[in-house]
Amino acid sequence: MADPTKRSDENGREPSSSDDANLSARLRSLDARIDRASAHHEVKESSARPTSDSSALGQAFRLSAEFVSGVAAGGIVGWLVDRLFGTSPWGLIICLILGFCAGMLNLMRAAGMLKSARHDEKR
Amino acid sequence: MASPIEQFQIKPIIPVINFTNSSLFMIGATAVIVGGLLLATRNRAVVPGRAQSVAEMLHDFVANTLTDATGREGMKFFPLVFSLFMFVLTANLLGMIPGFFTVTSHIIVTFALAMLVIGTVVIYGFAKHGTHFLGLFVPSGVPAWLLPFIVVIELISFLSRPISLSLRLFANMLAGHIALKVFAGFVVSLLAAGGALTILAPLPLLMAVALMALEFLVAALQAYVFTVLTCIYLNDALHPGH
């Protein structure tokens, strides 16, 4: 706050010939300050992400939930297939295996090992 | 000593209409959110006061998360995502107050929230894109003979989403609260044991204090994770596969 008032004081003393140059200089310095501020903001945001990820317990819970839910979903689907079509126990067996695969897929997606093109392209 | 899982017991308060302590705390969480936000935005000013800037920060935080994941057009889901975030966060934090009931430690509650999200994704996806939404299950660049397997696996993976979404929140809250209770129980039993064991009693107390801090982190983090995953799933409804 102190800087601009100081400059306007200087303006008042000097004749108006340098007013435009002064104004553009101040605009430029303001732009630079905005850039710096937004860069700072971005840095803060990107540094916030690793800290929230680095909580290892949270990571473990996240990944295990991904995997377990895949197997559970496969199991539920298999059980429903068996109930509807009377194919017991084959539906459950096959769908559990497929659920295991789906759980692995979930796990790799969550861990970021499988950069799904779908999510990235459409950003 | 009380059992560590006794805290999750659902007790009827008004049995006639099935009003339980769970219902009470759900209504409580909603009341805290609505009341708090109304109070914070009562004296709206261009230069926000303390309460108003908290409300604005919450809004901007959720809006940024949503637009990061789904782009500008995702903002039409803002009311849903903001309500979910605030409800989960408030319910988690209310549960941290000793003696209070944690709504999100019951899987049926978190599953209902997850089904709300997935239901929105499915209905909006089909309404907006029709059968093109099914392209979500057909990844590009897969050999034809492998495609049936991949489609079934992708389908099961999609069906597992509400389960993983609900399981994660539920398991975190359940495990955290049980761990807190167990360590607190150790303090009591060590004190009761007498003799040399009494000297050890402060150790689990320190652990309980540390766990309490961790639980606050988990409560906020899980609300955030729930919100982020909601945004990612909504992104699928807005932009299904190729």
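If you scan the stretch A:78-95, which residues turn out to be in a helix (DSSP H, G or I) and either closer than 19 Å to B:SER157 by Cα or touching a helix residue (DSSP H, G or I) at 6+ places or on another chain (Cβ under 6 Å) (or both)?
Matches in the stretch A:78-95: A:GLY78, A:TRP79, A:LEU80, A:VAL81, A:ASP82, A:GLY91, A:LEU92, A:ILE93, A:ILE94, A:CYS95.
Does any residue of the stretch B:233-240 turn out to be of a type outside the set (A, V, I, L, M, F, W, C), under 17 Å from A:LEU63 (Cα atoms), assigned to a helix (DSSP H, G or I) and at the interface with chain A (Cβ under 10 Å from one of its Cβ atoms)?
No: zero hits.
Would you please list the contacts, defined by Cβ atoms under 6 Å and residues six or more apart or on different chains, that run from a residue in the stretch A:58-87 that is at the interface with another protein chain (Cβ under 9 Å from one of its Cβ atoms) and in contact (Cβ under 8 Å) with a residue 40 or more places away in the chain to a residue that is part of a helix (DSSP H, G or I) and among the hydrophobic types (A, V, I, L, M, F, W, C)?
These pairs meet every condition: A:GLU66/A:LEU107; A:GLU66/A:ALA110; A:PHE67/A:LEU107.
How many residues, within the stretch B:108-136, are touching a residue at least 60 places away in the same chain (Cβ under 8 Å) and within 11 Å of the chain's Cα centre (by Cα)?
Of the residues in that region, 3 qualify.
Is it true that some residue in the stretch B:46-61 is in contact with a Phe, Trp or Tyr (Cβ under 9 Å, 6 or more places away or on another chain), of a type outside the set (D, E, K, R) and free of Cβ contacts under 8 Å to residues at least 12 places away in the same chain?
Just the residues of the stretch B:46-61 that are in contact with a Phe, Trp or Tyr (Cβ under 9 Å, 6 or more places away or on another chain), to begin with: B:58-59, B:61.
Those still in the list that are of a type outside the set (D, E, K, R) too: B:58-59, B:61.
From the residues that got through so far, the ones that are free of Cβ contacts under 8 Å to residues at least 12 places away in the same chain too are B:61.
Yes, because at least one residue in the stretch B:46-61 is in contact with a Phe, Trp or Tyr (Cβ under 9 Å, 6 or more places away or on another chain), of a type outside the set (D, E, K, R) and free of Cβ contacts under 8 Å to residues at least 12 places away in the same chain.
Starting from the stretch B:137-150, take each residue that is part of a helix (DSSP H, G or I) and list its partners that are surrounded by 10 or more Cβ atoms within 10 Å (Cβ to Cβ) and not basic (Lys, Arg), counting only C-beta distances under 6 angstrom and pairs at least six apart or across chains.
B:PHE137/B:VAL151; B:PHE137/B:GLU154; B:PHE137/B:LEU155; B:ILE150/B:VAL142
Does the stretch B:82-119 hold any residues that are under 22 Å from B:LEU66 (Cα atoms) and surrounded by fewer than 17 Cβ atoms within 10 Å (Cβ to Cβ), and which are they?
Answer for the stretch B:82-119, where residues must be under 22 Å from B:LEU66 (Cα atoms) and surrounded by fewer than 17 Cβ atoms within 10 Å (Cβ to Cβ): B:SER83, B:ALA112, B:MET115, B:LEU116, B:GLY119.
Just for the stretch B:152-182: of the residues that are more than 10 Å from chain A (Cβ to nearest Cβ) and surrounded by fewer than 24 Cβ atoms within 10 Å (Cβ to Cβ), which one is nearest to B:SER105 (Cα to Cα)?
B:LEU174
Take the residues in the stretch B:211-227 that are touching a residue at least 40 places away in the same chain (Cβ under 8 Å) and at the interface with another protein chain (Cβ under 10 Å from one of its Cβ atoms); name whichever of them is nearest to A:GLY112 (Cα to Cα).
This residue is B:VAL225.
Scan the stretch B:19-47 for residues that are surrounded by 10 or more Cβ atoms within 10 Å (Cβ to Cβ), not in a helix (DSSP H, G or I) and not basic (Lys, Arg) and jot them down. Break it down stepwise before answering.
As a first pass, look at the stretch B:19-47 and keep what is surrounded by 10 or more Cβ atoms within 10 Å (Cβ to Cβ): B:19-44.
So of that shortlist, the ones also not in a helix (DSSP H, G or I) come out as B:19-20, B:41-44.
Hits for the stretch B:19-47 are B:PHE19, B:THR20, B:THR41, B:ASN43.
Do we find that B:LEU206 is buried (at least 16 other Cβ atoms within 10 Å of the Cβ), on the phi < 0 side of the Ramachandran plot, at pLDDT 90 or above and not hydroxyl-bearing (Ser, Thr, Tyr) in this structure?
Judged against the criteria, B:LEU206 is not a match.
Identify the single condition in (1) touching a helix residue (DSSP H, G or I) at 6+ places or on another chain (Cβ under 9 Å); (2) closer than 25 Å to A:VAL68 by Cα that B:MET207 does not satisfy, given that it satisfies every other one.
Here B:MET207 clears every test but (2).
Here is a check on your reading of the model: is B:PHE100 among the aromatic types (Phe, Trp, Tyr) and farther than 16 Å from B:SER166 by Cβ?
Values: among the aromatic types (Phe, Trp, Tyr): yes; farther than 16 Å from B:SER166 by Cβ: yes.
Here the answer is yes, as B:PHE100 does meet what is asked.
Filter the stretch B:130-149 for residues that are at the interface with another protein chain (Cβ under 9 Å from one of its Cβ atoms) and more than 22 Å from B:LEU116 (Cβ to Cβ); which is surrounded by the fewest Cβ atoms within 10 Å (Cβ to Cβ)?
So, considering only residues that are at the interface with another protein chain (Cβ under 9 Å from one of its Cβ atoms) and more than 22 Å from B:LEU116 (Cβ to Cβ), the one surrounded by the fewest Cβ atoms within 10 Å (Cβ to Cβ) is B:GLY141.
Looking at B:THR230, B:THR198, can you tell me which residue is more than 12 Å from chain A (Cβ to nearest Cβ), under 12 Å from the mean Cα position of the chain (by Cα) and either part of a helix (DSSP H, G or I) or within 28 Å of B:ILE97 (Cβ to Cβ) (or both)?
B:THR230
The values are calculated or read from the model by the stated rules, or taken from the named source; none is laboratory data. A quick note: this is a predicted structure, and the numbers were derived from the prediction, not measured. A quick note on method: Cβ atoms are made from the backbone with ideal geometry, for glycine too, and the neighbour counts reach across all protein chains shown.
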